[in-house]
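Reviewing the structure listed below.
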Amino acid sequence: MEPFRLTSVPGLPARLHIDRWEQAYPGLSAGFTTRIGGASVGDYSSMNCALHIQDDPVHVVENRRRLAAVLNVPFEAWTCGEQVHGRNVAIVKRDDRGKGRVSREDAIQNTDALITNESGVWLSSFYADCVPLYFFDPIRRVVGLAHAGWKGTVLQIARSTVEAMSEAYGTEAADVRAAIGPSIGSCCYEVDGIVIERIDECLTELGANSEERRKTYRPGEEQGKYMLGLQELNRQIMIKAGIMPMHIEICGMCTGCRTDLFFSHRKENGSTGRMASWIGLDL
């Protein structure tokens, strides 16, 4: 069963909610935007949520405001990091609430993962094929997001996020609920041997067996090319970090296949918008 449920009303931002989580844990909101329902135009039409590309910042802020409104979340609560394809994890405190919502300059710098136990703080990050990772500790009421391209994946940002939650808030990995959101799948994500060398190093570090390697990538049609499944590799990293397999939700939608619904950096030759992930707990 697809864990991300599409909600679409004409004239409003279409978005995907992690349905099971929101039903099971009152006050939790978590999900992912689409390209539908915003103010942006041209290559970024219409619901681009990122400031770091060439879209008009006025449109981007309007799109973020629209999303906050449709989720009934104060726009002042939206909190963003400046992503760098690394593995740094930022602990978001009450004083950080709202950073990055209207300007890159005041975003939380040099971080691809955000965690917090503060209610009324909504975390957000941005994607156009990379893998959104969601974390929720229902015992200690901690939430987290991580942005995992192939570089962040082989750096095991998923493990770093779980370890940071443990160190900062006492989270136990076995309690964590995790989700892997819409991203480019192995059906569309072709990489070269240089990338696969790094993937193999990561798999070796994880102690992956031949079946786990087979699930992660396969040869492409062209010599020296491979079809890579970052969702599967992040799932393996989560499990090695101590998250129970039954506690990991995986979206079945590929951003490369579904450019009607999502922006795709790979399929749209780099000139496209970005979706946003979000997670937060009500006051």
Practice prompt. Starting with the fewest neighbours, write out Leu283, Leu203, Leu16 ranked by other beta-carbon atoms found within 10 Å of each beta-carbon.
Written response: Leu283, Leu203, Leu16
Practice prompt. Just grab the label-to-label distance for Glu222 and Glu205, each label 7 Å out from Cα along the Cβ direction, in nm (one decimal).
Written response: 2.8 nm
Worksheet item: Each residue of region 202-210 in order: what ³J(HN,Hα) in whole Hz does its phi give by Karplus 6.51 cos²θ - 1.76 cosθ + 1.60, θ = phi - 60°, with x for Gly and Pro?
Response: 5, 4, 5, 4, 6, x, 5, 8, 5
Worksheet, complete the sentence: For the chain the mean separation of alpha carbon contacts under 8 Å (6+ apart) over residue count, i.e. relative contact order in percent, is 23 percent
Response to the item:
In terms of the alpha carbon gyration tensor, root eigenvalues a ≥ b ≥ c, rounded if a/c is under 1.5 and otherwise prolate when a/b exceeds b/c or oblate, region 109-213 is prolate
Discussion item. Could you tell me the relative contact order of region 143-283? Use alpha-carbon pairs under 8 Å, at least six residues apart, and round to a whole percent.
Written reply: 33 percent
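Over 19 Å between C-alpha atoms is what I'm after, so list which of Lys225/Lys267; Lys93/Lys240; Lys215/Lys240 land there.
Flagged as over cut-off: Lys93/Lys240.
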Response to the item:
Note on the chain, DSSP bridge orientation, antiparallel percent to nearest 5 equals 80 percent
Worksheet item: Hey, what do the phi angles of region 236-245 turn into as Karplus ³J(HN,Hα) couplings, whole Hz, using 6.51/-1.76/1.60 and θ = phi - 60°, x for Gly and Pro?
Response: 5, 5, 4, 5, 5, 7, x, 6, 5, x
Practice prompt. Would you look at the GNM of the chain, springs on alpha carbons closer than 10 Å, and say which of Ile237, Ile180, Ile139 moves the most?
Written response: Ile139
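How big is the charge dipole of region 180-266 about its Cα centre, in debye rounded to the nearest 20, if each Lys and Arg gets +1 on its Cβ and each Asp and Glu gets -1 on its Cβ? Walk me through the numbers before you get to the answer.
On the way: 10 positive and 13 negative charges, 39 e Å.
So the dipole magnitude of region 180-266 works out to roughly 180 debye.
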Worksheet entry | Cα centroid separation, region 189-209 to region 1-41 (Å) | 32 Å
Response to the item:
Exposure-ranked with fewest Cβ neighbours within 10 Å first, Ile36, Ile279 stand as Ile36, Ile279
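Just order 44-50, 264-270, 79-85 by mean Cβ neighbour count inside 10 Å, highest at the front, would you?
Per-residue mean Cβ counts within 10 Å order the peptides as 44-50, 79-85, 264-270.
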Worksheet, complete the sentence: Taking a straight Cα-to-Cα line shorter than 18 Å from Lys151, and setting aside same-chain aspartates and glutamates fewer than 8 residues away, one finds Glu82, Asp112, Asp129, Glu190, Asp192, Glu197, Asp200, Glu201, Glu205, Glu232
Worksheet item: Using a Gaussian network model of the chain with C-alpha springs under 10 Å, which one of Ser119, Ser40, Ser183 is most mobile by mean-square fluctuation?
Response: Ser119
Discussion item. Which GluC sites (Glu not before Pro) in region 144-187 sit in a loop by DSSP (not H, G, I, E or B) and have at most 16 other Cβ atoms within 10 Å of their own Cβ?
Written reply: Glu172
Worksheet, complete the sentence: If Arg64, Arg235 are placed from fewest to most neighbouring beta carbons inside 10 Å, the sequence is Arg235, Arg64
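Coordinate-derived values only; no laboratory data. These numbers come from a predicted model, not from an experiment. Positions of Cβ are backbone-derived with ideal geometry, glycine not excepted, and every protein chain shown enters the neighbour counts.
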